[in-house]
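Structure first, commentary second.
The values are calculated or read from the model by the stated rules, or taken from the named source; none is laboratory data. Since we're looking at a predicted model, the values are computed, not measured. Note that we place each Cβ from the backbone using ideal geometry, even for glycine, and neighbour counts take in every protein chain shown. Please note that ligands, DNA and RNA were not included when accessible areas were found on the heavy atoms of the full protein model with its side chains. Shrake-Rupley method; radii C 1.70, N 1.55, O 1.52, S 1.80 Å.
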Amino acid sequence: MRPLIADKHLIAYCGLYCGACKKYLAEKCFGCKRNTAATWCKVRVCGIERNYHSCAECTTFVESAKCKKFNNVISKIFSLIFGSSRIACIREIKKLGNEQYAKLMADHKAVAVKK
Ligand code: SF4
Ligand code: SF4
């Protein structure tokens, strides 16, 4: 098992906090930033191409909800099932900065900000 720590490098491009994910902690996943197999994810590909830490840095869409790549059908379904919001995650990153956001999520053992 990996320890649950605050590390900005464990923030996914979409704003989820991989550092608190069961799969990451169980060493079954490297987390979004190092998961080179996640080529299916348009948000991840976009973040890499733009050299962003996350969509919080996006200059095209100040509000991530307006980006169709970000606010796609799958993310809406996940949001409904788990009551989480990647849009709220991005808002928190903008408000707190990467380090404080990682600390908040690690302290709360949370992968996503609740709606
Ligand atoms: S949805 Fe995409 S950006 Fe978000 S954690 Fe998964 S691979 Fe990373
Ligand atoms: S909000 Fe959309 S365009 Fe902006 S970085 Fe994220 S995926 Fe790319």
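May I ask for the equivalent-ellipsoid semi-axes of the chain, computed as the square root of five times each C-alpha gyration tensor eigenvalue and listed largest first in whole Å? Display every interim value, and only then the final one.
Values: eigenvalues 79, 48, 43 Å².
Equivalent ellipsoid semi-axes, largest first: 20, 16, 15 Å.
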> Can you count the Lys pairs in the stretch 42-115 whose Cα atoms are under 18 Å apart, with each pair 8 or more apart or on different chains?
Replying inline: 17
> Which values, in whole Å and largest first, are the semi-axes of the equivalent ellipsoid of the stretch 56-106 obtained as the square root of 5 times each eigenvalue of the Cα gyration tensor?
Replying inline: 20, 16, 6
> Going 7 Å from the Cα of T60 in the Cα-to-Cβ direction, what parts of the stretch 4-41 have a backbone nitrogen less than 20 Å from that spot?
Replying inline: 12-16, 33, 38-41
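For the chain, with every protein chain kept in place, what is the accessible area per residue (1.4 Å probe, Å²)? Working shown, then result.
Details: 7320 Å² over 115 residues.
About 64 Å² of surface per residue is accessible.
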> If the chain between R34 and I77 were fully stretched, how many nm would it gain, using 0.36 nm times the residue separation less the Cα-Cα distance?
Replying inline: 13.0 nm
> In degrees from 0 to 90, rounded to the nearest 10, what is the angle of the helix 73-82 Cα long axis to the longest principal axis of the chain?
Replying inline: 40 degrees
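Return the carbon/sulfur percentage of the accessible area of the stretch 15-80, one whole number, probe 1.4 Å, all protein chains in place.
Details: 2710 of 4390 Å².
Percent of accessible area from carbon and sulfur atoms in the stretch 15-80: 62.
What's the local net charge at E63, with K and R +1, D and E -1, over the other residues with C-beta under 11 Å away? Can you show the working numbers first?
Working: positive: K66, R91, K94; negative: none.
So the surrounding residues net to +3.
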